Amino acid sequence: MQTNKNRTTTNEKSELLDFETKAKTKTVRFGLGKDMLIIGLAILIITLILFAPKVYLANNIYYVSRDISRLQAQQQLLAEAKHKLQLELEQLKIKHLNETLGETY
């Protein structure tokens, strides 16, 4: 056995060199691999395909119901205006009838 100043044998040197070459050739992966990313993306796309129609329909229902309530409020206002105009018309008819018959207030 041959010894150096730093007391390492040739076997130890060769073991250290083998360990260093193994460490250099071995690739260490951190995070997600390609397969996991593809699976995650597929799950995301499937989820969007399943829930996009529900969200679309819910939004449409909301906007249609908002329009319906606005139209109902307008209908109610117009019905009140119609009733008021009918009362005024009745009063004008009575006034006209009284004037034609010669009775005035």
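Listed values, structure above:
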{"item": "Tabulated pairs, segment 12-40, first surrounded by 10 or more Cβ atoms within 10 Å (Cβ to Cβ), second part of a helix (DSSP H, G or I) and at pLDDT 80 or above, C-beta under 9 angstrom, 6+ apart or interchain", "result": "L32/G40"}
{"item": "Matching residues in segment 1-40 - criterion: being polar (S, T, N, Q), outside any loop (DSSP other than H, G, I, E, B) and either at pLDDT 75 or above or in contact with a Phe, Trp or Tyr (Cβ under 8 Å, 6 or more places away or on another chain) (or both)", "result": "T10, N11, S14"}
{"item": "Contacts under 8 angstrom Cβ, first residue in segment 54-79 being free of Cβ contacts under 8 Å to residues at least 24 places away in the same chain, partner of a type in the set (G, A, S) and outside any helix (DSSP H, G or I), 6 or more apart", "result": "none"}
{"item": "Scan of segment 89-105 for residues that are surrounded by 10 or more Cβ atoms within 10 Å (Cβ to Cβ) and either of a type outside the set (V, I, T) or on the phi > 0 side of the Ramachandran plot (or both), ordered by number", "result": "L89, E90, Q91, L92, K93, K95, H96, L97, N98, E99"}
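The values are calculated or read from the model by the stated rules, or taken from the named source; none is laboratory data. None of these values were measured; they are calculated from a predicted model. Glycine also receives a Cβ, built like all others from the backbone with ideal geometry; neighbour counts cover every protein chain displayed.
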